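Colleague: Submitted below is the structure of interest, expressed as structure tokens.
Bear in mind that the values in this text are calculations on the coordinates, not laboratory data. Because the structure is a prediction, the values reported are computed rather than measured. Glycine gets a Cβ as well: all are built from the backbone with ideal geometry, and neighbour counts include every protein chain shown.
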There are 2 protein chains.
Amino acid sequence: MDQTALFKLSYGVYICTSWDEGRPVGCIANSAMQITSAPATVAVSINRVNYTHKCIEETGHFALTVLGEKSDPKLIGTFGFRSSKDLDKFEGFGYNVRGKLPVLDDAIAYISCKVIGKMETPTHTVFLGEVLDCGNLKKGKPMTYAYYHEVLKGKTSVNAPTFIEDAPKGEKEVWVCDVCGYEYDGEIPFEALPDDWVCPLCGVGKEHFHRK
Amino acid sequence: MDQTALFKLSYGVYICTSWDEGRPVGCIANSAMQITSAPATVAVSINRVNYTHKCIEETGHFALTVLGEKSDPKLIGTFGFRSSKDLDKFEGFGYNVRGKLPVLDDAIAYISCKVIGKMETPTHTVFLGEVLDCGNLKKGKPMTYAYYHEVLKGKTSVNAPTFIEDAPKGEKEVWVCDVCGYEYDGEIPFEALPDDWVCPLCGVGKEHFHRK
């Protein structure tokens, strides 16, 4: 069984949001799909360890913000690799309430849903949402998971359905971002990078990197 | 509510297969995604009117054949717009039994599953499958739903989650394939095309086309 075959499934990149007693919360989701056309429903798979999972359970609502290829990659670093429990992930990013739910502005579309069903799996809950409101935002192509990995060189959160531990790399020196997992293996040695260099994915400083 | 926002979700193109008393059956699916990584599980959404749905219910097994950009578009015409009830869709296409299920050869990967859960929705069942076997086949990029629509100019089956009735087009004469819905609007008038011209998507002759 060659589990790399699972990488051949195609996904988009979404921020799945909800409310925590009036505070917006959210996390990155890839596993989201339309299920029925009339009524329009979508399903999203969320790991039960994610704080956003608890908030969707409590409010019975979620929204998907659909990221585009030109959406700020820092959104992925912030929403994909930190927890909403202690952090206001929305700080520094524009957002609006659309269809009663928080939606990031730097995106191409949104889909706001009421939970009408769910399926429990070993680690994740698949929430089925009836679409209450949806609309287009900025123009542009959807960011696909393949684009995120191939073009943005992004990593996968340990809580994602698609997480598989990396095989060891060759001898080239690689530095890894503690926050988002971005791997720096550029031509300039890491120590020689300027002090104000920041992670191109999530925006934290050099002090958040460690040698792999 | 602008339902075109739902088109911004990203999908691959898969053939979901099963057995009907020893006879291979299958249909096109777009809504498929990995749900958990350990154990590896995937979910697929299948319309209850599809014959393949009945076969998955009865056997408790399904496989996903992952199409690539170079897979024969006739696979989509045959598996997406006809019924397995009366037709051997596999005739003329190579396939092998992998992980106990029929898998088309002209593809980049396969994932064979045992059903371990399901979620009923108004028109579709979301089957949760534990991966029994998976592997890579031909090299190449996965065919995405966007590629299918933009490059292959493909249509959506009325049974698909993503189906929305087309808005009327302009004045250009368009001929539509009865089998797969492919729309011909080329520079050469349809009547002037040679008699042996066939639908570039599903391969049927001119007699299967009607003026839109």
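Colleague: Tabulate in residue order the Karplus-calculated ³J(HN,Hα) for region A:104-115, using 6.51 cos²θ - 1.76 cosθ + 1.60 with θ = phi - 60°, rounded to whole Hz; enter x for Gly and Pro.
Modeller: Coupling constants for region A:104-115: 5, 6, 7, 8, 9, 6, 9, 9, 9, 9, 10, 5 Hz.
Colleague: Right, something else. What spacing in nm lies between the two simple spin-label points modelled at B:Arg48 and B:Lys100, each 7 Å away from Cα in the Cβ direction?
Modeller: Taking the two extended label points, one gets 2.7 nm.
Colleague: For B:115-126, what's the mean count of beta carbons from other chains sitting within 10 Å of each residue's beta carbon?
Modeller: Averaged over the peptide's residues, the number is 5.
Colleague: Here's a follow-up. What distance in nm lies between label points placed 7 Å from Cα along the C-beta direction at B:Glu191 and A:Phe190?
Modeller: Here the modelled spin labels are 7.1 nm apart.
Colleague: Tell me which trypsin sites (Lys or Arg not before Pro) from region B:61-161 have a DSSP coil assignment and no more than 10 other beta carbons within 10 Å of their own.
Modeller: The qualifying sites are B:Lys139.
Colleague: First select every other residue whose beta carbon is under 11 angstrom from the beta carbon of B:Val204; then total the charges, Lys and Arg +1, Asp and Glu -1.
Modeller: Net charge around B:Val204: +1.
Colleague: Quick one: compute the contact order of region A:11-150, relative version, from alpha carbon pairs under 8 angstrom and 6+ residues apart, as a percent.
Modeller: Computed value for region A:11-150: 30 percent relative contact order.
Colleague: Grab the residue from chain A whose Cβ hugs the A-to-B rotation axis most tightly, plus its distance in whole angstrom.
Modeller: Taking the axis that maps A onto B, the answer comes out as A:Met119, 2.
Colleague: Just to be sure I understand: with springs between alpha-carbon atoms less than 10 Å apart, which residue in A:His124, A:His61, A:His149 has the highest mean-square fluctuation in the Gaussian network model of chain A?
Modeller: A:His149
Colleague: Every other copy gets compared here: list the nm distances from the A:Asp88 label point (7 Å along Cα to Cβ) to its counterparts, shortest first, one decimal.
Modeller: In ascending order, 6.7 nm.
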